[in-house]
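See below for the structure under consideration.
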Amino acid sequence: MRALLENHNFFHEFYDTFFRSSPQIPEMFANTDFRKQRELIRQGIELMVFFAEGDPSAKERLMQIAVIHKRFRLTPEMYEFWRTSLLQTLAKNDPEYTPALEAGWNTVLSRGIDFFLEHGG
């Protein structure tokens, strides 16, 4: 979370990377209020961390997000673009990023993505 909190451009960089990952992605965000979206994604990532730690309230909130995401018909490939883009942006912005930290992020993100695919896909 260090990179997310310390770099005010983190989510700008993330979305630039994410949008370059597939031509479908920018289309999905055509009418998005990015000021609001940046806050939502920050909260979503925090929830994924808490969910991976076993927090039941985080699970409830992720269920709400999964239901919202369901209407977008997101594919496993789209979630993989999201994960890869987030990891690339983290690696670029966190001077303490290591293979071990990447493995931890992968574990957290996998649990959250699997949950979304199960409940929202």
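Based on DSSP H assignment, which helices of the chain show an axial Cα extent of at least 20 Å together with a mean Kyte-Doolittle hydropathy greater than or equal to -0.5?
34-52, 56-70, 99-120
So what is the relative contact order for the chain, in percent, with contacts set as C-alpha pairs under 8 Å and at least six apart? Before the final figure, lay out each step's value.
On the way: 84 pairs, mean separation 47.5, N = 121.
Relative contact order for the chain comes out at 39 percent.
Please work out how much accessible surface ASP114 shows to a 1.4 Å probe, ignoring ligands, DNA and RNA, in Å² rounded to 10.
Ignoring ligands and nucleic acids, ASP114 comes out at about 90 Å².
Candidates [x] 37, 34, 24; [y] 32, 31, 26; [z] 56, 32, 25; which is the computed Cα extents along the principal axes in Å?
Of the listed options [x] 37, 34, 24; [y] 32, 31, 26; [z] 56, 32, 25, [x] comes from this structure.
Need the C-alpha centroid separation for the stretch 12-50 versus the stretch 83-115, integer Å.
Their Cα centres are 15 Å away from one another.
Would you mind calculating the relative contact order of the stretch 67-121 from Cα pairs under 8 angstrom and at least 6 residues apart, reporting the percent as a whole number?
This gives 72 percent for the stretch 67-121.
Take the Cβ-Cβ distance between ILE25 and ILE68 as r, set R0 to 25 Å, and report the resulting FRET efficiency rounded to the nearest 0.05.
Numbers: r = 17 Å, r/R0 = 0.69.
Given R0 = 25 Å and the Cβ-Cβ separation, E is 0.90.
The values are calculated or read from the model by the stated rules, or taken from the named source; none is laboratory data. It should be emphasised that the depicted structure is a prediction, and the values quoted were computed from it without experimental measurement. Cβ coordinates were reconstructed from backbone atoms using ideal geometry, including for glycine residues, and neighbour counts include every protein chain displayed. Heads up: the accessible areas ignore ligands, DNA and RNA and are worked out on the full protein's heavy atoms, side chains in. Shrake-Rupley method; radii C 1.70, N 1.55, O 1.52, S 1.80 Å.
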